[in-house]
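Bear in mind these aren't lab numbers, they're just calculated from the coordinates by the rules spelled out. Quantities reported herein were computed from a predicted structural model and do not represent experimental measurements. Positions of Cβ are generated from backbone atoms using ideal geometry, with glycine treated the same way; all protein chains shown enter the neighbour counts.
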Ligand SMILES: NC(=O)c1ccc[n+]([C@@H]2O[C@H](COP(=O)([O-])OP(=O)(O)OC[C@H]3O[C@@H](n4cnc5c(N)ncnc54)[C@H](O)[C@@H]3O)[C@@H](O)[C@H]2O)c1
């Protein structure tokens, strides 16, 4: 009985979800995954099967030339050459996610979906708790959809533990003696890749990355998921900027696109390796050619203009969120419009991103400053951040009604069967 309560603890967090969680629990147990407190660990399935590999990505020759001709003084600072981790390394060494917030937990889920170990690190115990719930609820489903098997996920608020999590992973919580048989050589191995999903604040990201770099294995890739801050802004603060790269995810697992962009110092070999591994995880990488730098990558830059003008329309009282979104749905056949999307992403994140765009590109100040001030004063300053806080551009009730509408439109036959 005592064992059962330990094993099922993550599922008891939300009683209303007990049935759903129990189903996930059974699915994960079927895969050999065991739960204990805030940790998920995998048992006998550890090395069976894996996703299929796709062919390496080819880059245009001019892109490589542009890349290698850049910033020689920075490249000279690099202390090592990068070599790709082996398959064995990636079974043993985790992907470390820094920041378990809205996007971090979703990125963690994707990287844990093909038997690979993942460590989730956050300074907030609440964020760790809710990301445990999220991953518990969704990992088995994602794996079933992709025909893969979940890997072990370890949650921690201890940075040192996060960077030496190789010794934590593998079989420690498998209720077997396997931990004792773990080879000594793998015990002190840290992550093979870190993906930072920290708040959109340049000095915070720089401080966190500089701190973690000291603790990481030399060969570790450091990827930033920032929407508007480019790693070229962070690179001068790292010992080895060759390991730094932008990988910008779009709310996975729903969106599979990831934009990949050089820090302007990134080792060339990281691109084909990483894009291949992303494809193995069911993601679709889009690469900005190494040597080209773009604030907001490809899509986010276009999306930023759309958000800016939407906020201006709201601030000037030209239209209401429901009207703007209805126009988008009608015109683009989109499921959601920009207001619903901004609420989903978080209005604080939207404000931080816009602020940075304006700082970097002074021509945007004229059109962007007033709507930004309005957003901060009317919503962010009052704690109305969208979905994560309840109210946002839509009230909680309005958003729930919209969600019900989307569901009805997606599954009309279910509504019919229920006699709705
Ligand atoms: N929200 C999105 O849809 C989205 C999409 C793509 C990219 N991004 C980018 O991802 C990043 C994170 O965005 P988010 O929406 O997940 O933010 P968030 O605020 O939901 O999550 C940030 C997390 O970082 C944690 N954190 C803060 N300081 C930390 C530290 N020093 N060490 C470890 N953890 C720390 C916080 O506790 C929080 O859980 C941002 O750079 C954002 O631009 C967000």
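A full extension of the chain between residue 397 and residue 361 corresponds to an added length of 9.2 nm, given 0.36 nm per residue minus the alpha carbon distance.
Reported value for segment 204-247: 63 Å³ per residue, from the convex hull of its C-alpha atoms. Protection proxy ranking of 299-308, 89-98, by the mean of other Cβ atoms within 10 Å over each peptide's residues and highest first, is 89-98, 299-308. With Rh defined as the Kirkwood radius, the inverse of the mean 1/r over Cα pairs, the Rg/Rh of segment 85-144 is 0.99. Put a dot 7 Å past the Cα of residue 286, heading toward its Cβ, do the same for residue 146, and the two dots end up 1.9 nm apart. Largest first and in whole Å, the equivalent-ellipsoid semi-axes of segment 299-417 read 28, 16, 12, each the square root of five times a Cα gyration tensor eigenvalue.
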